[in-house]
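The values are calculated or read from the model by the stated rules, or taken from the named source; none is laboratory data. As the structure is a prediction and not an experimental result, all values here were calculated from the model. So basically every Cβ, Gly included, is an ideal-geometry build from the backbone, and we count neighbours across all protein chains shown. When the accessible area is computed, the model is the full protein with side chains, heavy atoms only, and any ligands, DNA or RNA have been set aside. Shrake-Rupley method; radii C 1.70, N 1.55, O 1.52, S 1.80 Å.
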Number of protein chains: 2
Amino acid sequence: MPKQKNSYHHGDLRRALIDAGEAELSENGLAAFSLRRVAARVGVSHAAPAHHFGDVSGLIDALAERGFRRLLDSMIAHQEAATDEPYEQLIASGLGYLHFARSHPALFRLIFSDHSGAAPSPEVMATAGAAFMHLATNVAAVHGAAPLAHDGARDEVMACWTRVHGIAELILSGMMDAPDKDDKAANDAMFRSIFEVQFRTS
Amino acid sequence: MPKQKNSYHHGDLRRALIDAGEAELSENGLAAFSLRRVAARVGVSHAAPAHHFGDVSGLIDALAERGFRRLLDSMIAHQEAATDEPYEQLIASGLGYLHFARSHPALFRLIFSDHSGAAPSPEVMATAGAAFMHLATNVAAVHGAAPLAHDGARDEVMACWTRVHGIAELILSGMMDAPDKDDKAANDAMFRSIFEVQFRTS
DNA sequence: TCTTGAACTTGACATCGTCAAGATTGCAAG
DNA sequence: CTTGCAATCTTGACGATGTCAAGTTCAAGA
């Protein structure tokens, strides 16, 4: 199946549009995102995407799903490069989360955009659930337990997620200084020094 | 100075546009934000805002500044309704942050949108600095010290900020369940149970 | 009174998302 | 083999949007 057999019938337009959409997103950001430019980038008419995604939110949804998968992949990759020690793996996962957010800021923001109006598609929620379970497994391993086994386990997972997520968001918004995203050692130190702080009732 | 002396020369158009922009933001969200609708809402021609804000990002910037001020106000208000105990004041500030985020989601997202391209205006950064200092004072009081006095104090403040911010963002994105935003007791319990979790090296 | 500049309007333009209608093609039934 | 059908893609149009240029109105100082 050649990439382009003829002018009509692209062959794998859906995938091509998602690829192009991802590229447009990193180059121009979400605010300047345009369906017509994505179509033009693939070399297809401006109305072609409608048949595969309905309207623009359909493409956005597909991009969100891919983004979530990439986020999970980044966590896994960083974790696999770490020690077997459970806590080190948790830290590594968090650093993978951070690295993805900073490498693909627009995609990251897109994933966590306001889904208050239209609920995210089932595929997106499923991928989000997978990422959540990954974290839950990390956290549980630190306690030497099964994921979500004991009371308050869910709170622990959310405590972890919100911390990592908050750091990522504040860095992206420019409110928080951070070392170059590829300086592993510096980010490791920065992350631990914030992640591990504890507040006490005086 | 009457609100409307005649058709031309509105009198206080800049303020009126910011008011209308804020209303539009809460009603339709950032994605559907339109300069022309804001102008129409005030009863002014579609090109009138340009004279006061340049382009659309000028109005957005003004809205961000107002939003930051409202965020700080919400923190202060909640804190003043709490005990004198420093840690309780810190928690109350966080709950005020959360309450603002959930009461004005679009404005909250706007404040922390991607400023990577154009730097936020000096006014916005100044207001953001005031919010940061408020938190720094809270955190320092827990340790019975002056703001940012000791080594690592900045990390402690950022640890606090990122935690509160992460909770707010994940709730807004729909990734985290939370009690009704006006149920004070339930939110207090939820917030503490996440904020106070500590992770240890196994 | 005259004039000058700020405040606002009007009209135009390119671009955007979406819709309806037409063109093209793969494919399976006959 | 061919013939019709449904999926795929194109074309053209519409209203809405941000921005620019040129014109209009008004207040206030010379």
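Counting heavy atoms of the protein chains alone, A:Phe195 has an accessible area of about 10 Å² for a 1.4 Å probe. About the centre of its Cα atoms, the protein assembly as shown shows a dipole size close to 1480 debye [charges on the beta carbon of Lys, Arg (+1) and Asp, Glu (-1) only; nearest 20 debye].
Each of the peptides A:23-34, A:175-186, B:13-24 was scored by the mean count of other Cβ atoms within 10 Å over its residues; in descending order, highest first, they stand as B:13-24, A:23-34, A:175-186.
Shape call for the protein assembly as shown from the C-alpha gyration tensor, a ≥ b ≥ c root eigenvalues: rounded (a/c under 1.5), prolate (a/b greater than b/c) or oblate? Oblate shape, in that a/c is at least 1.5 and b/c is the bigger or equal ratio.
Nearest chain A C-beta to the A/B rotation axis, reported as residue and distance in angstrom, is A:Gly166, 1.
Computed from backbone phi with θ = phi - 60° and the Karplus coefficients 6.51, -1.76 and 1.60, the 3J(HN,Hα) list for the range A:86-97 is x, 5, 5, 5, 5, 4, 4, 4, x, 5, x, 4 Hz; x is used for glycine and proline. Remark: chain A carries 48 Å² of accessible area per residue (probe radius 1.4 Å; ligands, DNA and RNA excluded).
When the Debye formula is applied to the Cα atoms of the range B:1-54, each taken as the same point scatterer, what base-10 log of I(q)/I(0) results at q = 0.24 Å⁻¹? Values, matching the q order: -0.92.
With its label point defined 7 Å out from Cα along the Cα-to-Cβ axis, B:Ala32 lies at 2.6 nm from the matching points of the other copies, in increasing order.
Considering only B:His9, B:Thr127, B:Ala178, and ranking their Cα positions along the charge dipole of chain B that arises from unit charges at the beta-carbon of Lys, Arg, Asp and Glu, the one farthest toward the positive end is B:His9. Placing a label point 7 Å from Cα along the Cα-to-Cβ axis, B:His46 is separated from the same position in the other copies by 1.6 nm, shortest listed first. Sorting B:Thr127, B:Thr83 on solvent-accessible area from highest to lowest, probe radius 1.4 Å, gives B:Thr83, B:Thr127. Summed over both chains, the contact between B and A buries some 3700 Å² of accessible surface at a probe radius of 1.4 Å.
Neighbouring Cβ atoms from other chains, within 10 Å of the Cβ of residues in A:169-180, number 5 on average. Just check the range B:64-195 against the gyration tensor rule for me: Cα atoms, a ≥ b ≥ c as the square roots of the eigenvalues, rounded for a/c under 1.5, and otherwise prolate or oblate depending on whether a/b exceeds b/c. Oblate, because a/c is 1.5 or more while a/b does not exceed b/c.
Remark: mean inter-chain Cβ contacts per residue of B:149-158 equal 3, using a 10 Å Cβ-Cβ cutoff to other protein chain atoms. With the label put 7 angstrom out from Cα along the Cα-to-Cβ vector, A:Ala186 ends up 4.5 nm from the copy partners, going from closest to farthest. Summary value for chain A: 17 percent relative contact order, contacts being C-alpha pairs under 8 angstrom separated by 6+ residues.
Share of carbon and sulfur in the accessible area of the range B:48-202 stands at 54%, probe radius 1.4 Å.
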